[in-house]
1. Show which aspartates and glutamates lie in cross-link reach of A:Lys121 when reach means a straight Cα distance below 17 angstrom and same-chain residues fewer than eight apart are skipped.
2. Once you keep just the Cα pairs under 8 angstrom separated by 6 or more residues, what percentage relative contact order results for the range B:47-170?
3. Counting alpha carbon pairs within less than 8 Å and at least 6 residues apart, what relative contact order, in whole percent, applies to chain A?
4. In Å², nearest 100, what accessible area do chains B and A bury in total when the solvent probe is 1.4 Å?
5. Between the range B:1-74 and the range B:117-173, what's the alpha-carbon centroid distance in Å?
6. Looking at chain A as a GNM with Cα springs under 10 Å, which of A:Leu49, A:Leu180, A:Leu29 has the largest mean-square fluctuation?
7. Which far-off residues, 5 or more places away or on another chain, put their amide H under 5 Å from the one on B:Ala105, with H placed in the peptide plane?
8. For a quick check: with amide H placed at 1.01 Å from N, whose amide H comes under 5 Å from B:Ser110's, ignoring anything fewer than 5 positions away on the same chain?
Amino acid sequence: MKKLFHEFLKGIIKENPTFVLALGLCPTLAVSISLMNGLGMGVAATFVLICSNIIIAMIKNTIPEKIRIPCYIVVIATFVTITELIMKAYSPALNRALGIYVPLIVVNCIVLGRAEAYASKNSVMNSLFDGIGMGVGFTLALLLISGIREFLGAGKLFGYTLIKGFEPAFVLAMPPGALLVIGLLLGFFNILKERK
Amino acid sequence: MKEMLQYGLTLMIICAMATGLLAGVNSFTKSEIIARAQAEQDASLKEVMPEATNFAAVETNGEVIYYKAYKNDALLGAAFKTTAKGYSSEIETMVGMTKDGQIAAIKVLSQNETPGLGSRVAEPSFTGQFANKSLEGLNEISAITGATISSTAVMNSVKTKAEEIFNLIKNGK
């Protein structure tokens with residue numbers, strides 16, 4: 001049980017996919033405009049990550065080594081398509097806001113990275129907790145970045161204006177803002193790591 | 001040779017299972033997705049022509065050109081969609097127009113303009129300006145500061161399409 005908890009926890013801080021492994025930065029840069037988008041993307045990617053980790057851990061012994069990557073991609077693509085269909089049916093507004101980045105979860109390197117580096121070598125239970133941990137870590141990272149960008153770039157949080165008369169810096173809501181915020185946060189996490 | 005068959009079969013089985021699963025989810029969500037799109041369409045029609053009680057699609061070759069808006073069988077005007085290339089995306093707008101060529105209201109259906117600048121074309125402070133404007137009066141609308149391209153894109157697309165539809169109605173089509 002302690003081992004499983006450790007698998008879960010490592011994705012959040014010690015091996016955080018965004019700030020430590022620096023994986024999946026493309027969707028992170030693009031969707032972190034508002035907290036709602038960040039949360040939606042995080043939840044969608046977490047769902048795909050958990051499902052694909054479980055399935056790949058289950059079939060890891062039956063698929064031949066040489067064709068493992070196409071097999072992983074098929075599994076991941078299936079869950080991404082399921083996510084997209086469900087999102088279209090029950091949350092069309094979020095689906096429109098995330099746009100092309102939902103189908104692009106297929107090539108999100110966190111998902112394939114965990115399949116290759118973890119789920120293909122570990123048990124189903126461990127992979128499940130690894131998936132949850134990495135997903136939560138990715139979601140938290142997205143929330144942190146999009147929170148900073150939405151607050152400073154648009155003066156809002158979750159679409160609500162907090163401080164009246166606050167003049168937002170538009171640049172943070174635009175692509176350069178994403179690079180600035182992620183860069184500064186990565187530096188900050190590096191300092192934290194070196195201190196220890 | 002034996003290896004190739006084994007690989008092919010493994011992939012085939014995985015793909016077949018994936019297809020089956022997707023077919024299941026699709027049949028489960030399909031009606032919901034269509035219903036959502038229809039409901040959204042109805043809501044936006046209602047929003048640009050609030051007084052209308054029913055709408056009838058006018059089609060040419062199976063393509064919807066515009067919607068005639070009726071209030072208890074009396075023709076009120078028309079509602080139509082128009083798209084324009086903005087600064088960074090296609091801006092799709094729903095427009096309501098009375099039968100004597102006055103804009104009733106517009107609503108931006110989808111856009112992906114610069115957040116905080118161009119995206120403000122969807123806000124009431126901009127779209128509200130279109131209400132009760134005649135076709136010539138559309139030139140008086142003031143663009144959003146810092147988002148001239150997005151604003152003029154919407155203005156021009158509404159004007160061009162409104163003139164086109166107005167002529168269609170006048171000619172009784």
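The values are calculated or read from the model by the stated rules, or taken from the named source; none is laboratory data. In this text the structure is predicted, and so the values were computed from the model without any measurement. What goes into the accessible areas is simple: the full protein's heavy atoms, side chains included, and nothing from ligands, DNA or RNA. Shrake-Rupley method; radii C 1.70, N 1.55, O 1.52, S 1.80 Å.
1. Correct list for A:Lys121: A:Glu7, A:Glu65, A:Asp130.
2. The value is 20 percent.
3. Averaging sequence separation for qualifying contacts and normalising by length gives 36 percent for chain A.
4. Summed over both sides, the interface buries about 2100 Å².
5. 29
6. Maximum fluctuation in the GNM of chain A, among the listed residues, is at A:Leu180.
7. HN-HN under 5 Å from B:Ala105: B:Gly96.
8. B:Glu92
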